[in-house]
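Reading through the structure tokens given below for one structure.
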Amino acid sequence: MKGNEALAHAAIRYGADGYFGYPITPQSEVLETLEAEMPWETTGMVVLQAESEVAAINMVYAGAACGKAVFTSSSSPGVSLMQEGISYIAASELPALIINVMRGGPGLGTIHPSQADYFQACKGGGHGDYHCIVLAPSSVQEMCDFVGLGWDLAFKYRNPAMILADGVVGQMMEKVILPEQRPRRTEEEVRKQCPWATTGKKGRKQNIVTSLELDDDRMEQNNLRFQRTYREIEKNETRIELINTDDCDYLLVAFGSMARICQKVMELAAEKGIKLGLARPITLWPFPSQQIAQAAKGCKGILTVELDAGQMIEDVKLAVNCSIDVQHYGRMGGNVPSPDEVLGAFENLFINKK
């Protein structure tokens, strides 16, 4: 099935309580699959097409405040509209899952793939000092698996998590192993697992969920608490896949569909006697800086391969303290490069220039 379809099936099987979204290519199959599966008849899950992306993210905000496993999906322009709500969710310390299947921009751009929402996702696309946990799948199986992982991390740290996929991963079809169906949590289980949630007072003091705090000192303390949470996430949740990095002369760094293309680039390079390694960040935030720095030791150069003008390259440069030559190759406007094209760019940047 398609990556978007696998994601929808995984959400139902996770025991999700609700989905609130709005159609936009190339992620519309998420909503369409949920509507076709009609989980409200089997698990009781709510599926609602909101009147806009702004409405959808605020419905997610409300559902998350009740301790529910709720999520939304959209594509680049739609996620831009959601940024205020995402910032509110982060500031209210609520778990929620947001899916962005990226398309080319800026503006309405194109319906074809892009990775140009990296800055938006990883640097806090909305206002204030906050982070989403950002997972970058590169296969249909990971589109499925990261649904459960995203929610587990969101509830563990009371922080929004985002699955940041490009249009290639959302639209391509592969075999996938779906998880077993889990029951939705009972109201009693929600109250026990989420004592902060607005589930009804029932013998306890009020739970107030808000991002507003007009006292400067208390708001600073809130921010300091958020930052402690982010440091804990950085310590415990960084994920990366390293391929042939123990004995490579050059390192490729790529995520999502570009990481798959780079695996073929490695094969083509090996035929020419060029030893390439690949670092695929799975968490884009927290970014696996230490692992990339370790993998790059002894390398002559690093090439980041992205479907954008060069965004992740900044984090790669910071990871190696600019001690190694780091170059970027990318396509924009919805164009996806071939492995031969990437290899040719690598050779021009590192081999032929000598």
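What size of dipole, in debye to the nearest 20, comes out for region 230-284 about its Cα centre when the only charges are +1 on Lys and Arg C-beta atoms and -1 on Asp and Glu C-beta atoms?
The dipole magnitude comes to about 180 debye.
Taking the Cα centre of region 106-167 as the origin, how large is its charge dipole in debye, to the nearest 20, when only Lys and Arg (+1) and Asp and Glu (-1) carry charge on their Cβ atoms?
Values: 3 positive and 6 negative charges, 38 e Å.
Here region 106-167 has a charge dipole of around 180 debye.
Please report the accessible area of His131 (heavy atoms, 1.4 Å probe, ligands and nucleic acids excluded) in Å², nearest 10.
40
So how much accessible area does Arg260 have, in Å² to the nearest 10, using a 1.4 Å probe?
Ignoring ligands and nucleic acids, Arg260 comes out at about 90 Å².
What is the helix-to-structure angle for 53-65, meaning the angle in degrees between its Cα long axis and the longest Cα principal axis of the chain, kept from 0 to 90 and rounded to the nearest 10?
Its long axis makes an angle of about 60 degrees.
Angle between the Cα long axis of helix 28-37 and the longest principal axis of the chain, 0 to 90 degrees, nearest 10?
Compared with the principal axis, the helix lies near 50 degrees.
With everything on Cα atoms, drop me the angle between helix 216-236 and the longest principal axis of the chain, reported from 0 to 90° to the nearest 10.
Once rounded, the angle reads 50 degrees.
Go ahead and set up a Gaussian network model of the chain, Cα springs under 10 Å, then flag whichever of Gly85, Gly21, Gly298 fluctuates most.
Judging by the Gaussian network model, the answer is Gly298.
Helix-derived [θ] at 222 nm for the chain: sum -39500 (n - 2.57) over DSSP H runs of at least 4, divide by residue count, nearest 500?
-12000 deg cm²/dmol
Any idea of Thr210's accessible area? Nearest 10 Å², probe 1.4 Å.
Result for Thr210: roughly 70 Å² accessible.
Among Gln311, Gln181, Gln83, determine the one that fluctuates most according to a GNM of the chain built with springs between C-alpha atoms less than 10 Å apart.
So, out of Gln311, Gln181, Gln83, the one fluctuating most is Gln181.
Is there a quick way to get the dipole size of the chain? I mean about its Cα centre, with the Cβ of Lys and Arg at +1 and of Asp and Glu at -1; what is the value in debye to the nearest 20?
The dipole magnitude comes to about 740 debye.
Mind sorting out which of [x] 20.9, 57; [y] 31.0, 118; [z] 20.8, 75 is the real Rg and Dmax of the Cα atoms in Å computed from the coordinates?
For Rg and Dmax of the Cα atoms in Å, the calculated option is [z].
The values are calculated or read from the model by the stated rules, or taken from the named source; none is laboratory data. The shown structure was predicted, so the numbers you read here are calculated from the model rather than taken from an experiment. Reconstructed Cβ throughout: ideal geometry from the backbone, glycine too, with neighbour counts over all protein chains shown. To get the accessible areas, we keep the full protein, side chains included, count just its heavy atoms, and leave off ligands, DNA and RNA. Shrake-Rupley method; radii C 1.70, N 1.55, O 1.52, S 1.80 Å.
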